[in-house]
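Structure record follows, encoded as C-alpha coordinates.
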Amino acid sequence: MTPRQTRNRPLRDQYLGLYEIIRNKHDTIAQVLSHSPPNILFRRDLVGPKLQAWNRLVPRLGAIKLTQDREVFRWNLHRSGSSTVIFECTH
(Lines give C-alpha, C1' and ligand atoms only; values in the text may rest on other atoms or scores of the structure.)
Protein backbone atom coordinates (compact mmCIF):
# COMPACT_ATOMS: atom_id res chain seq x y z
CA MET A 1 0.00 0.00 0.00
CA THR A 2 1.39 3.40 -0.94
CA PRO A 3 1.60 6.31 1.55
CA ARG A 4 -1.20 8.08 -0.35
CA GLN A 5 -3.50 5.07 -0.07
CA THR A 6 -2.76 4.90 3.66
CA ARG A 7 -3.62 8.59 4.17
CA ASN A 8 -7.00 8.15 2.46
CA ARG A 9 -8.10 5.29 4.71
CA PRO A 10 -10.18 6.07 7.83
CA LEU A 11 -8.14 6.58 11.01
CA ARG A 12 -9.96 3.56 12.47
CA ASP A 13 -8.37 1.37 9.78
CA GLN A 14 -4.95 3.02 10.00
CA TYR A 15 -4.77 2.59 13.79
CA LEU A 16 -6.79 -0.60 14.27
CA GLY A 17 -4.78 -1.68 17.33
CA LEU A 18 -5.77 1.53 19.12
CA TYR A 19 -9.37 1.41 17.90
CA GLU A 20 -9.77 -2.10 19.33
CA ILE A 21 -8.96 -0.94 22.88
CA ILE A 22 -10.70 2.47 22.86
CA ARG A 23 -13.57 2.82 25.35
CA ASN A 24 -15.97 5.05 23.39
CA LYS A 25 -15.96 3.80 19.79
CA HIS A 26 -18.86 6.08 18.82
CA ASP A 27 -17.24 9.41 19.78
CA THR A 28 -16.97 11.86 16.92
CA ILE A 29 -13.82 13.72 15.94
CA ALA A 30 -15.47 16.91 17.27
CA GLN A 31 -16.01 15.32 20.70
CA VAL A 32 -12.47 13.99 20.87
CA LEU A 33 -10.87 17.25 19.75
CA SER A 34 -12.98 19.45 22.04
CA HIS A 35 -10.38 18.83 24.78
CA SER A 36 -6.63 19.28 24.95
CA PRO A 37 -5.11 16.72 25.05
CA PRO A 38 -7.63 14.78 22.93
CA ASN A 39 -10.38 13.18 25.02
CA ILE A 40 -9.75 9.50 24.29
CA LEU A 41 -10.02 6.75 26.90
CA PHE A 42 -8.47 3.31 26.46
CA ARG A 43 -9.40 0.05 28.20
CA ARG A 44 -5.70 -0.83 28.64
CA ASP A 45 -2.41 1.00 29.11
CA LEU A 46 -0.62 2.05 25.95
CA VAL A 47 2.71 0.24 25.77
CA GLY A 48 5.01 -0.94 22.99
CA PRO A 49 3.53 -0.74 19.47
CA LYS A 50 0.26 0.80 20.69
CA LEU A 51 2.14 3.63 22.41
CA GLN A 52 4.18 4.17 19.24
CA ALA A 53 0.96 4.29 17.17
CA TRP A 54 -0.54 6.80 19.63
CA ASN A 55 2.57 8.98 19.36
CA ARG A 56 2.17 8.98 15.55
CA LEU A 57 -1.58 9.71 15.74
CA VAL A 58 -1.56 12.69 18.15
CA PRO A 59 0.22 15.12 15.78
CA ARG A 60 -2.17 14.10 12.99
CA LEU A 61 -5.16 14.93 15.21
CA GLY A 62 -3.62 18.33 15.95
CA ALA A 63 -3.61 19.13 12.23
CA ILE A 64 -7.41 18.67 11.94
CA LYS A 65 -9.29 21.96 11.81
CA LEU A 66 -13.03 21.71 12.43
CA THR A 67 -15.43 24.42 11.28
CA GLN A 68 -19.14 25.12 11.45
CA ASP A 69 -19.26 25.36 7.65
CA ARG A 70 -21.78 23.26 5.79
CA GLU A 71 -20.20 20.24 4.14
CA VAL A 72 -21.80 18.06 1.48
CA PHE A 73 -20.57 14.77 0.06
CA ARG A 74 -22.04 13.42 -3.16
CA TRP A 75 -21.27 9.88 -4.21
CA ASN A 76 -22.11 8.79 -7.74
CA LEU A 77 -21.93 5.24 -9.10
CA HIS A 78 -21.54 5.15 -12.87
CA ARG A 79 -22.84 2.43 -15.20
CA SER A 80 -19.24 1.48 -15.96
CA GLY A 81 -18.84 0.46 -12.31
CA SER A 82 -16.61 3.41 -11.41
CA SER A 83 -17.62 6.00 -8.86
CA THR A 84 -16.91 9.64 -8.07
CA VAL A 85 -17.11 11.53 -4.81
CA ILE A 86 -17.66 15.28 -4.76
CA PHE A 87 -16.98 17.24 -1.57
CA GLU A 88 -18.35 20.77 -1.17
CA CYS A 89 -17.75 23.12 1.73
CA THR A 90 -19.71 26.36 1.95
CA HIS A 91 -18.67 29.28 4.16
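The values are calculated or read from the model by the stated rules, or taken from the named source; none is laboratory data. No experiment lies behind these values; they were computed from the predicted model shown. Ideal geometry is used to build each Cβ from the backbone, glycine not excepted, and the neighbour counts take in all protein chains shown.
Before moving on, here are some points about what is shown:
- Test: residue in region 65-73 that is of a type outside the set (A, V, I, L, M), out of contact with any helix residue (DSSP H, G or I) (no Cβ under 9 Å at 6 or more places or on another chain) and modelled with pLDDT of 80 or more: no
- Scanning region 8-36 for residues that are touching a residue at least 12 places away in the same chain (Cβ under 8 Å), of a type outside the set (Val, Ile, Thr) and closer than 25 Å to Gln68 by Cβ yields Leu11, Asn24, Asp27, Ala30, Leu33.
- Filtered by the rule that a residue be surrounded by 10 or more Cβ atoms within 10 Å (Cβ to Cβ) and farther than 15 Å from Arg12 by Cβ, region 45-55 gives Leu46, Pro49, Leu51, Gln52, Asn55.
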